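The values are calculated or read from the model by the stated rules, or taken from the named source; none is laboratory data. Values in this document were obtained by computation on a predicted structure and should not be read as measured data. FYI the Cβ positions are ideal-geometry reconstructions off the backbone, even for glycines, and counts take in every protein chain you see.
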Amino acid sequence: MRGVLATLLCSATSTLALTTAAHAQIAPTEDTTEGGGIVVTGSRIASQNVESMSPMSVVGEEELTLTGTATMETLLNTLPQVVPGEGAFTNNETSAAATMDLRGLGPQRNLILVNGRRFVFFDARQIVDVNTIPTALVERVELITGGSSAVYGSDAVSGVVNFILKDDMDGLEVSSQYDITAAGDSARFNLDIVGGANFAEGRGNVTLFYNYYNRDDTFADARGRSACFLEDTTIDGSPALACGGSAGIPNGRIAGLPAGAALTGRPGVQSALASLGLNNLTSNGFKFDETGQQVSPFVVPGDRYNFNPDNYLQLPLVRNQFGGMAHYEVTPGIEAYFEGLYSSNRTKTQYAATPVTGSYSIQVDSPFLTPGLQNLFRALDASEGTVQLDANNNPVLGADGLPVIIPAATRNDGYTTVSIGRRISEGPTRNATYDRDAYRFVGGLRGDIGSLSENAFTDLQWDAYYSYAKSKNTLTSTGNIVASRYAQGVTTAFDSSGNLVCADQSNGCVPLNIFGPNISPEGIDFITERQVSTYETTMKVAQASVTGTVVELPAGPLGFAAGFEWREVTAAFNPATGSVGQVGEPTYGEYDVKEFFGELRIPVFYGFELNGAFRYSDYSLDNVKGVWTYGGGATWQVVDSLRLRGQYQRAVRAPSVNELFSAQSRVSEAASDPCALASAASDSAIRALCVATGVPNGIVGTSGVQPSFQVSGIVGGNPDLEEESTDTYTVGAVFEPIPRLAITVDYYNITVNDAIARLGGSINNVFDLCYNQVQDADSPYCRSIIRQDDGTIGTGTNAAGQDSGVSVLFANIGKIKTDGIDVGVSYTMPLGMLAGSDSTLNIATTANWLNSFDVTSVAALPDRVNECAGTFGLTCGEPMPEFKANTRLTLKVGRLTTSIRWRYQGKVTDDRVTRGVVDASVLPVPKIDPENYFDFSFDYDLDKYTLYGGILNMFDNHQQLLGSAQEQLNTYPSTYDPLGIRFFMGAKLKF
């Protein structure tokens with residue numbers, strides 16, 4: 001029934017097509033210059049024409065109220081043009097910020113502006129946390145598609161998002177809102193105070209604001225849908241989802257022991273295993289029980305640790321903001337202006353207790369071991385060595401018919417090295433508290449020059465400003481394990497008195513009993529510590545520009561804009577090193593850029609205009625230096641009801657400070673190791689590659705190669721990066737066939753060349769490139785895979801002293817190409833005859849049809865393309881439906897406004913299926929069905945008082961559960977609602 005309903009609703013509204021954008025572009029805005037022109041995002045030239053030359057959507061203040069928007073992410077992530085970024089439900093691998101990803105090209109490729117000027121970013125990635133933008137002051141948000149680097153500079157690759165703020169308040173407005181779910185949790189509270197006053201007989205105005213916002217935490221087990229981490233498995237021969245998790249279990253797991261054919265020539269080991277009941281031990285190894293005295297084989301997935309209950313479903317957030325804006329007419333024709341903001345955000349993430357994996361040297365006579373385990377470890381110590389091979393790589397047999405073992409130098413030294421996976425459950429959960437302070441100040445002068453002559457360079461206006469933005473971030477981590485101290489405590493010895501001590505007794509080392517839940521409180525204190533990492537970023541901008549009319553042509557004024565801009569960006573990072581999950585050293589990076597820019601708008605004949613823009617940027621970066629960006633297009637008012645437009649833009653994005661200079665650090669990503677797939681054992685080429693990259697031959701093609709769903713990776717900066725270049729083509733039309741009906745249709749085509757991303761694009765892509773595509777052990781992809789001695793990829797080191805993990809440092813990888821169509825409809829019907837002269841019914845729809853989203857991860861392999869449109873998963877990431885739409889039906893009767901919004905997400909297919917990696921029949925969830933969310937809201941205006949409220953996801957639509965292809969919480973929580981029904985209620989008071 002749900003699928004039938006979605007189909008019927010989609011069919012009914014597809015003829016309407018879409019967007020509030022069209023409606024917003026028809027109605028003039030209030031950003032009118034003193035000369036009577038209007039500045040629209042995407043151009044610096046003031047014009048009487050209020051329509052953008054590029055596709056643009058506008059979100060107005062009313063939409064913020066009807067959606068109960070207290071943080072900008074909650075609204076922006078629902079727009080069809082946006083692929084959700086980090087937000088309230090992003091607990092894993094997050095910066096705990098709210099980011100915006102226009103067209104899915106990454107938050108680093110869209111430029112966030114406030115009042116047409118760059119806003120403060122929150123870290124070295126040079127990405128804006130949209131939750132630092134004061135929502136109560138937002139008058140509207142303009143989203144423009146395509147490269148706008150010629151107008152705004154670097155980062156405007158996928159488009160520009162411009163937040164226009166109210167800066168001329170006269171009076172006081174207090175508003176408050178409270179949200180809560182039907183389950184009675186996940187509460188959110190918001191308070192805004194905005195006041196302003198004119199002074200100097202109206203020549204000046206000051207507007208001040210304060211905001212307090214509090215979002216409660218909610219844990220994953222508050223919903224049955226996310227209480228247990230699900231993964232793909234097979235039950236009774238059929239694909240199914242099962243509760244799983246991590247191989248890092250609380251009581252400990254030992255893996256990588258000789259098994260099967262590898263036991264040949266090691267009878268002592270074989271006998272010791274049999275005495276422990278481990279005759280049929282696999283590469284998955286064995287686990288300890290709650291006492292630490294009994295062992296049993298580790299079974300996948302049943303013995304994996306469910307870490308979900310300790311993770312957040314909704315992240316807590318406390319925000320305090322205050323600031324203001326002012327402008328003052330110094331003299332006739334010259335105005336001074338100022339903007340100031342301080343934003344303090346505190347949020348947290350939480351994970352289960354730290355899992356530690358690696359190869360450790362264990363004392364075979366340790367009293368922490370049972371007699372049976374001592375016997376096993378003595379046998380392992382006595383058999384340490386490698387099988388002797390002949391010239392044909394076959395084992396050499398001894399007189400007893402068994403393979404000859406070449407003794408290792410460490411044989412019978414009283415220690416044996418084994419692979420141990422252990423979750424330190426005796427210690428606390430891991431918590432990361434993010435304290436982020438952001439400052440931004442803008443000061444400038446603007447005014448009228450007038451005309452240089454009667455017929456040329458008339459209506460000239462100028463603007464010059466300086467802005468300073470700084471973010472200071474403090475990350476306080478608790479519950480992390482200091483890797484070096486853990487290794488120190490695991491390796492024990494007897495002192496001269498026969499007491500068990502650490503082999504290395506420095507730092508006050510405490511011996512650790514890691515076999516079973518037996519680490520002492522003193523041991524926990526020794527290996528855990530509170531760690532503080534800090535990073536600061538600054539951005540300075542100085543800009544001067546002039547706009548006006550070059551000459552009056554028969555078809556209208558030839559408009560121009562020209563100017564100069566200087567920017568400097570710095571970032572400093574001081575990591576807390578030494579813990580599991582942290583590597584690298586403090587780093588500092590900076591660069592500056594000097595830019596000249598210009599624009600022309602040329603009326604050729606009545607209704608037909610050409611436009612062009614350029615920018616020359618001179619970077620202090622050696623690999624970038626001087627670059628040009630440019631664009632041009634045309635608009636044609638064919639008849640009063642039809643306007644055509646087309647645009648081409650070449651945009652450039654210089655690498656960010658983070659991409660250039662960031663220290664190396666660890667991440668964990670969902671990925672599938674090809675060496676763990678059964679097919680690897682029978683494919684000679686893949687088997688050879690697996691062995692060449694550190695997998696013991698005996699476990700190739702078994703789950704012992706990848707005991708955990710997530711794979712550890714190492715990310716970091718690359719100072720040799722070059723700039724990205726992007727080509728954008730747009731063509732479209734605005735059609736107004738009858739009064740109050742506006743239809744827009746726009747096609748866009750964006751290609752990003754030399755795209756900056758992690759090597760290969762992701763850990764999963766590196767696996768694919770190494771083992772399935774390039775198949776060369778000396779390739780950069782295979783060399784980036786560093787395994788532990790047992791063949792797994794963890795957080796430990798191998799015998800060569802290398803940190804295990806898949807190294808995916810930033811690189812200019814290849815290209816990204818996407819194209820699609822935005823369609824919009826807005827129609828308003830007067831209801832004067834039925835409900836009063838000011839009553840109306842409006843339907844407005846925005847939608848996006850995504851034709852392609854293709855990622856070429858390696859420039860040298862142009863035929864190797866990941867086609868991500870209509871997919872989700874380990875390679876393509878966040879779901880990218882081919883069709884998304886928002887439709888709102890709004891009824892206004894007198895003082896009361898009621899509205900229903902329908903949010904539609906099209907179906908998506910697991911990218912493992914679309915890429916031909918697996919057949920859909922072997923996956924428990926090969927696709928996610930279309931999702932439909934319905935919201936109801938109202939607004940009752942009593943002049944000085946306004947009451948509003950609503951119900952979000954009013955039919956409690958649950959997300960489809962996913963297994964191994966999930967992002968987190970068994971879904972993609974930024975795309976699909978993980979909370980269920982949500983209520984909000986608010987009030988505004990005006991004085």
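From (1) assigned to a loop (DSSP other than H, G, I, E, B); (2) among the small types (G, A, S); (3) buried (at least 16 other Cβ atoms within 10 Å of the Cβ), pick out the condition that doesn't hold for S419.
Exception for S419: condition (1).
Name the single residue that is farthest from V418 (Cα to Cα) among those in the range 367-392 being of a type in the set (S, T, N, Q) and not in a helix (DSSP H, G or I).
N392
Just to verify a result, which residue in the range 148-178, among those that are surrounded by fewer than 20 Cβ atoms within 10 Å (Cβ to Cβ) and of a type in the set (D, E), is farthest from K817 (Cα to Cα)?
Ranking the qualifying residues of the range 148-178, first place goes to D170.
Can you tell me how many residues in the range 771-805 are surrounded by fewer than 18 Cβ atoms within 10 Å (Cβ to Cβ), of a type in the set (A, V, I, L, M, F, W, C) and closer than 24 Å to R864 by Cβ?
1
Go through (1) closer than 30 Å to D673 by Cα; (2) crowded, with 20+ Cβ neighbours inside 10 Å; (3) modelled with pLDDT of 95 or more one by one and return the number of the condition C876 breaks.
Unmet condition: (3).
Of the residues A88, A124, A70, A98, which is crowded, with 24+ Cβ neighbours inside 10 Å, at negative phi and out of contact with any strand residue (DSSP E or B) (no Cβ under 6 Å at 6 or more places or on another chain)?
Just a single option satisfies the conditions, and that option is A98.
Please work out if V114 is out of contact with any Lys or Arg (no Cβ under 6 Å at 6 or more places or on another chain), under 30 Å from D939 (Cα atoms) and at pLDDT below 90.
In short, no.
If a residue must be touching a helix residue (DSSP H, G or I) at 6+ places or on another chain (Cβ under 8 Å) and either among the aliphatic types (A, V, I, L, M) or in contact (Cβ under 8 Å) with a residue 60 or more places away in the chain (or both), how many such residues does the range 524-543 contain?
Total meeting the criteria: 2.
Checking the conditions here, which among A227, A220 is surrounded by fewer than 22 Cβ atoms within 10 Å (Cβ to Cβ) and under 25 Å from N91 (Cβ atoms)?
A227
Please go through the range 380-396 and give me each residue that is small (G, A, S) and surrounded by fewer than 21 Cβ atoms within 10 Å (Cβ to Cβ), ordered by number.
Selection gives A382, G385, A391.
Would you be able to tell me the number of residues in the range 84-113 that are over 27 Å from F307 (Cα atoms) and either assigned to a loop (DSSP other than H, G, I, E, B) or assigned by the TED database to the domain that holds D754 (or both)?
The number of residues fulfilling the criteria is 6.
Can you give me the number of residues within the range 310-353 that are among the small types (G, A, S) and surrounded by fewer than 19 Cβ atoms within 10 Å (Cβ to Cβ)?
Residues meeting the conditions: 5.
Among the residues of the range 735-744, are any part of a strand (DSSP E or B) and touching an Asp or Glu at 6+ places or on another chain (Cβ under 6 Å)?
yes
Select, from D232, D185, the only residue that is among the acidic types (D, E), more than 30 Å from R446 (Cβ to Cβ), in a strand (DSSP E or B) and in contact with a helix residue (DSSP H, G or I) (Cβ under 9 Å, 6 or more places away or on another chain).
Answer to the selection: D232.
Of the conditions (1) assigned to a strand (DSSP E or B); (2) surrounded by fewer than 22 Cβ atoms within 10 Å (Cβ to Cβ), S497 fails just one. Which one is it?
(1)
Residue-wise test of (1) touching a residue at least 60 places away in the same chain (Cβ under 8 Å); (2) closer than 27 Å to S937 by Cβ; (3) crowded, with 19+ Cβ neighbours inside 10 Å.
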residue: I180; (1), (2), (3): yes, yes, no
residue: R188; (1), (2), (3): yes, yes, yes
residue: G202; (1), (2), (3): no, no, no
residue: F209; (1), (2), (3): yes, yes, yes
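Being crowded, with 17+ Cβ neighbours inside 10 Å and either in the same structural domain as F955 (by the TED database) or without any contact (Cβ under 8 Å) to a residue 40 or more places away in the chain (or both): is that true of G256 here?
Spelling it out, it is not the case that G256 is crowded, with 17+ Cβ neighbours inside 10 Å and either in the same structural domain as F955 (by the TED database) or without any contact (Cβ under 8 Å) to a residue 40 or more places away in the chain (or both).
If I ask for residues that are closer than 21 Å to E723 by Cβ and either without any contact (Cβ under 8 Å) to a residue 24 or more places away in the chain or aliphatic (A, V, I, L, M) (or both), which ones from the range 633-663 would you list?
A651, V652, A654, V657, L660, listed by residue number.
Any idea which of I362, I249, I254 is of a type outside the set (G, A, S) and not in a strand (DSSP E or B)?
Only one candidate qualifies: I249.
Give V700, V627 a once-over and let me know the one that is of a type in the set (A, V, I, L, M, F, W, C), within 28 Å of S54 (Cα to Cα) and crowded, with 20+ Cβ neighbours inside 10 Å.
Only one candidate passes the filter, namely V627.
Do the conditions hold for V418, that is, is it in contact (Cβ under 8 Å) with a residue 60 or more places away in the chain, under 30 Å from A688 (Cβ atoms) and either touching a Ser or Thr at 6+ places or on another chain (Cβ under 9 Å) or not assigned by the TED database to the domain that holds G277 (or both)?
Yes, satisfied.
For the list (1) surrounded by 15 or more Cβ atoms within 10 Å (Cβ to Cβ); (2) without any contact (Cβ under 8 Å) to a residue 12 or more places away in the chain; (3) not β-branched (V, I, T), I need the number of the one condition that D236 fails.
(1)
For the range 936-954, which positions are surrounded by fewer than 21 Cβ atoms within 10 Å (Cβ to Cβ) and charged (D, E, K, R)?
Within the range 936-954, D941, D943, K944 meet the criteria.
Do we find a residue being surrounded by fewer than 19 Cβ atoms within 10 Å (Cβ to Cβ), touching a residue at least 60 places away in the same chain (Cβ under 8 Å) and farther than 21 Å from I144 by Cα anywhere in the range 678-687?
Checked against the condition, which is being surrounded by fewer than 19 Cβ atoms within 10 Å (Cβ to Cβ), touching a residue at least 60 places away in the same chain (Cβ under 8 Å) and farther than 21 Å from I144 by Cα, the range 678-687 yields at least one hit.
Filter the range 507-531 for residues that are in a helix (DSSP H, G or I) and surrounded by 20 or more Cβ atoms within 10 Å (Cβ to Cβ) and give the result.
G523, F526, I527
Do we find a residue being crowded, with 20+ Cβ neighbours inside 10 Å, in a strand (DSSP E or B) and of a type in the set (A, V, I, L, M, F, W, C) anywhere in the range 959-977?
No - not one qualifying residue is present in the range 959-977.
Being free of Cβ contacts under 8 Å to residues at least 24 places away in the same chain and surrounded by fewer than 19 Cβ atoms within 10 Å (Cβ to Cβ) is the filter here; which residues of the range 879-916 pass it?
The answer is G916, and nothing else.
Tally up the residues in the range 854-866 that are farther than 30 Å from I743 by Cβ, in contact (Cβ under 8 Å) with a residue 12 or more places away in the chain and either part of a strand (DSSP E or B) or of a type in the set (D, E, K, R) (or both), please.
4
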